[in-house]
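The values are calculated or read from the model by the stated rules, or taken from the named source; none is laboratory data. Bear in mind the structure is a predicted one, so any value in this text is a computation, not a measurement. Glycine gets a Cβ as well: all are built from the backbone with ideal geometry, and neighbour counts include every protein chain shown. Only protein heavy atoms, including side chains, enter the accessible area calculation; ligands, DNA and RNA are left aside. Shrake-Rupley method; radii C 1.70, N 1.55, O 1.52, S 1.80 Å.
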Amino acid sequence: MADCIFCKIAAGEIPSTRVFEDERCLAFMDIGPISPGHTLLIPKAHYERIHEMPAREAAHLASHIPPLADAVRKAVGAEGINVLQNNGACSGQEVSHVHVHLIPRWPGDGLGFRWPAKKADPEVLKEQASAIAKALGE
């Protein structure tokens, strides 16, 4: 996609600090990190959202997450790591190209995470599970 910043990074048109690359994906340092070592993993092909990726491409991208997460964590001495992938502006996606954030974490780092869990109604869960299962079959 001509105006996509991540496509331009993948093509080498915009400089980046590369960590890992193969023929189908690229990992590079986030230029607006929220913690030291914040790394992004992208497919080189343009997909705006994860559900638009062929399963084979998504699996290839995902296969690099465990070793990359471990390397990022070790390199910066983090105790933990958040692996985050947002889809759509309402979820926090700012660049419309699939990307996975690997965000190193330390106790007391102040980053936090909101997770306002609520008690679920078992009947509603059954209805939602049925709707999801039906959508999987489409």
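If we keep just the residues of the stretch 1-47 that are small (Gly, Ala, Ser) and in a loop (DSSP other than H, G, I, E, B), which is farthest from Glu79 (Cα to Cα)? Step by step, filter the stretch 1-47, then rank; the result is Ala2. Could you please let me know if Pro43 is in contact with a Lys or Arg (Cβ under 9 Å, 6 or more places away or on another chain), open to solvent by less than 70 Å² (accessible area, probe 1.4 Å) and within 20 Å of Cys4 (Cβ to Cβ)? Yes, satisfied. Residues that are in contact with a strand residue (DSSP E or B) (Cβ under 7 Å, 6 or more places away or on another chain), touching a residue at least 24 places away in the same chain (Cβ under 8 Å) and under 24 Å from Asp3 (Cα atoms) occur in the stretch 73-92; there is at least one.
The residues on offer are Arg24, Arg73, Arg105, Arg18, and the sole one that is over 15 Å from the mean Cα position of the chain (by Cα) and within 30 Å of Leu136 (Cα to Cα) is Arg24.
Here is a yes/no grid of residues against (1) under 24 Å from Val19 (Cβ atoms); (2) of a type in the set (A, V, I, L, M):
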residue	(1), (2)
Leu84	yes, yes
Cys90	no, no
Ser96	yes, no
His99	yes, no
Pro104	yes, no
Ala120	no, yes
Glu138	no, no
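Residues in the stretch 73-124 that are open to solvent by less than 70 Å² (accessible area, probe 1.4 Å) and closer than 22 Å to Ile50 by Cβ: 19 in all. Return the residues of the stretch 28-38 that are open to solvent by less than 60 Å² (accessible area, probe 1.4 Å) and touching a residue at least 60 places away in the same chain (Cβ under 8 Å); say none if nothing qualifies. Those that are open to solvent by less than 60 Å² (accessible area, probe 1.4 Å) and touching a residue at least 60 places away in the same chain (Cβ under 8 Å): Asp30, Ser35, Gly37, His38. Remark: pairs (first residue in the stretch 56-67, part of a loop (DSSP other than H, G, I, E, B); second residue not aliphatic (A, V, I, L, M); Cβ separation under 7 Å; 6+ apart in sequence or on different chains) = His64/Phe20; His64/Cys25. Could you grab the pairs with beta carbons closer than 7 Å, sequence gap of 6+ or different chains, first residue in the stretch 1-25 and at pLDDT 95 or above, second one basic (Lys, Arg)? Close Cβ pairs (under 7 Å, with a partner that is basic (Lys, Arg)) amount to Ala10/Lys44; Ile14/Lys8; Arg24/Lys44; Cys25/Lys44.
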